[in-house]
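J.: Just passing along the structure, written as structure tokens.
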Amino acid sequence: MQQMNFWDEHPQAAPLASRLRPETLDEYVGQQHLVGKGKLLRQLIERDQISSMIFWGPPGVGKTTLARIIAKSTQAAFVEFSAVTSGIKEVREVMNRAEENRRLGMRTLLFTDEIHRFNKAQQDAFLPYVEKGSIILVGATTENPSFEINAALLSRCKVFILKALEENDLAALLRHALESPKGLGDLHIRMEEAQLRAIARFANGDARTALNTLEMAVCNAEMDENAVVQVTDEVLSECMNRRSLLYDKQGEEHYNLISALHKSMRNSDPDAAVYWLMRMLDGGEDPLYIARRLVRFASEDIGMADPAALNLAVNVYDACHYLGMPECDVHLTHAVVYLSMAPKSNALYVACCEAKRDIREQPAEPVPLQIRNAPTRLMAEAGYGRDYQYAHDTAEKLTSMQCLPDRLRDRRYYRPTQQGREARVKERLEEILNWKKNH
């Protein structure tokens, strides 16, 4: 056996992810809700009817690839630049060229990667040219466009949400990489399906991570006397630096483990909760996914029994975001032990579900006139705000004013338990209800 030196045989090879970048929609992996047969975006691309749009999604899901596929299929001039390396000067130069193209009757499709990194002034520079039709703006971002892109610009763009790739999509992409002449097809590589699945799970929806991991594993594998490259579990584990191989082939274990963690905490079993937490981390689970589930648990299963649980869960999420693995494992342990030991109440969850059911099943009730605002004279004359009672004007800070619609006037959604601090909330609520009944 000898150590394979991939780069000796491919001295000028580009990274695997770059060599395998799809050039047509038929080669494109994932996002079938957008580019599947008959879907809106596919039709727009095939008809060359692209308008300004934003691609929003996590890294490695094909935002830039999709823009380049559009570039190959459109009759417009294509210009690409990144918000990381381009300033307002570069933006204006491109806009001037686009305006010249417009006068000549040619459209300009401008692809801007990481558009959220542009500041307000840079984004404002796009606006008049988008309005005039000088450019068709296609932006890519990993951040929520509602918060990161100017409202005026965003209102002129269609937002397409790209999803993290499914495990099956990534596994198919990895098999294609092993077989394609543009990828690793000129090598005789021996890998098990379970290993490809492990890489797919480790990549967490990111095609670039999956292909880079595969390439690293192949480069560090050994070649036998028959020129067969054997990727072992040990090599793969080192490349991923996690034991992702512990997850089963169908991904069912992912759901089994999060269920085990959740139900152990609900059952106030900190030892089981810590065990299942560590199983998930050892299997390569995203710590932020776990932290998000803990935030949900803090309100769904604890709620007012210990209001501090939500603060702690959110703080732990922030700590995981700042530190990442492996340092954040102790913060997650802190959270699951606290949540396991906290008093439990699902009263908030029940209230939420019952209110949603009434909204879904009952007519949309009008807001009672007494609790409507009356900013205009006409509204005041129509009775808006009449008979409103200001609680702060009373000694008890309470009034008998009805706030629910007539049909629901006696409906109770929140029914506090006797658990933890919620016992005091229950006592207070009963005092309020008795006072209102007597007044």
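J.: With the condition kept exactly as written, say whether any residue in region 184-192 is acidic (D, E) and surrounded by 14 or more Cβ atoms within 10 Å (Cβ to Cβ). Walk me through it before giving the result.
T.: Of the residues in region 184-192, the ones acidic (D, E) are 186, 192.
With surrounded by 14 or more Cβ atoms within 10 Å (Cβ to Cβ) added as a condition, the list becomes none.
No, there is no match, as no residue in region 184-192 is acidic (D, E) and surrounded by 14 or more Cβ atoms within 10 Å (Cβ to Cβ).
J.: Looking at region 27-63 only, could you name the residues that are free of Cβ contacts under 8 Å to residues at least 60 places away in the same chain, in a loop (DSSP other than H, G, I, E, B) and under 18 Å from H176 (Cβ atoms)? Break it down into steps so the answer makes sense when it comes.
T.: Pass one, region 27-63, residues free of Cβ contacts under 8 Å to residues at least 60 places away in the same chain: 27-28, 32, 35-40, 42-49.
Add one more test, that the residue is in a loop (DSSP other than H, G, I, E, B), and what stays is 27-28, 36-39, 47-49.
If the condition is that a residue be free of Cβ contacts under 8 Å to residues at least 60 places away in the same chain, in a loop (DSSP other than H, G, I, E, B) and under 18 Å from H176 (Cβ atoms), then E27, Y28 are the ones that fit.
J.: Which helices (runs of 4 or more DSSP H) sit wholly inside region 80-168 and have at least 1 residues that are more than 18 Å from the chain's Cα centre (by Cα) and surrounded by fewer than 20 Cβ atoms within 10 Å (Cβ to Cβ)?
T.: Working: elements: 88-103, 120-132, 145-148, 151-154.
Filter on region 80-168 gives 88-103, 120-132, 151-154.
J.: Related question: Can you tell which of M379, M341 is over 27 Å from I432 (Cα atoms) and open to solvent by 80 Å² or more (accessible area, probe 1.4 Å)? Write out each step before concluding.
T.: On the way: M379 fails: open to solvent by 80 Å² or more (accessible area, probe 1.4 Å).
So the residue among M379, M341 that is over 27 Å from I432 (Cα atoms) and open to solvent by 80 Å² or more (accessible area, probe 1.4 Å) is M341.
J.: Can you tell me which residue in region 223-279 is modelled with the lowest pLDDT, limited to those that are on the phi > 0 side of the Ramachandran plot and out of contact with any helix residue (DSSP H, G or I) (no Cβ under 6 Å at 6 or more places or on another chain)? Before the answer, list the steps.
T.: First, pick out the residues of region 223-279 that are on the phi > 0 side of the Ramachandran plot: 227, 241, 251, 268.
Okay, now just the ones that are also out of contact with any helix residue (DSSP H, G or I) (no Cβ under 6 Å at 6 or more places or on another chain), so 227, 241.
Values: A227: 77, N241: 70.
Taking the candidates together, the pick is N241.
J.: Somewhere in region 343-362, is a residue over 30 Å from D406 (Cα atoms) and among the acidic types (D, E)?
T.: No: zero hits.
J.: Then there's this: Pairs only if they're at least six apart or on different chains, beta carbon under 6 angstrom, first in region 386-406 and closer than 21 Å to V367 by Cβ, second part of a loop (DSSP other than H, G, I, E, B) and open to solvent by 100 Å² or more (accessible area, probe 1.4 Å); list them, first residue then second.
T.: Between residues of region 386-406 that are closer than 21 Å to V367 by Cβ and residues that are part of a loop (DSSP other than H, G, I, E, B) and open to solvent by 100 Å² or more (accessible area, probe 1.4 Å), the close pairs are A391/K397; S400/H439; Q402/R409.
J.: Quick check on A380: is it assigned to a helix (DSSP H, G or I) and farther than 27 Å from E431 by Cα? Break it down stepwise before answering.
T.: Working: assigned to a helix (DSSP H, G or I): yes; farther than 27 Å from E431 by Cα: yes.
Judged against the criteria, A380 is a match.
J.: Looking only at region 268-317, which residues are open to solvent by 50 Å² or more (accessible area, probe 1.4 Å) and aliphatic (A, V, I, L, M)?
T.: To start, the set of residues in region 268-317 that are open to solvent by 50 Å² or more (accessible area, probe 1.4 Å) comprises 268-269, 271, 275-276, 278-279, 282, 289, 292-293, 296, 304, 307, 310-311, 314-315, 317.
Correct list: M278, M304, L310, V314.
The values are calculated or read from the model by the stated rules, or taken from the named source; none is laboratory data. Because the structure is predicted, anything quoted here is derived from the model rather than measured. Quick reminder, even Gly has a Cβ in these numbers, built from the backbone with ideal geometry, and neighbours come from all protein chains shown. Note: accessible area is taken over every heavy atom of the protein model, side chains too, but ligands, DNA and RNA are not part of it. Shrake-Rupley method; radii C 1.70, N 1.55, O 1.52, S 1.80 Å.
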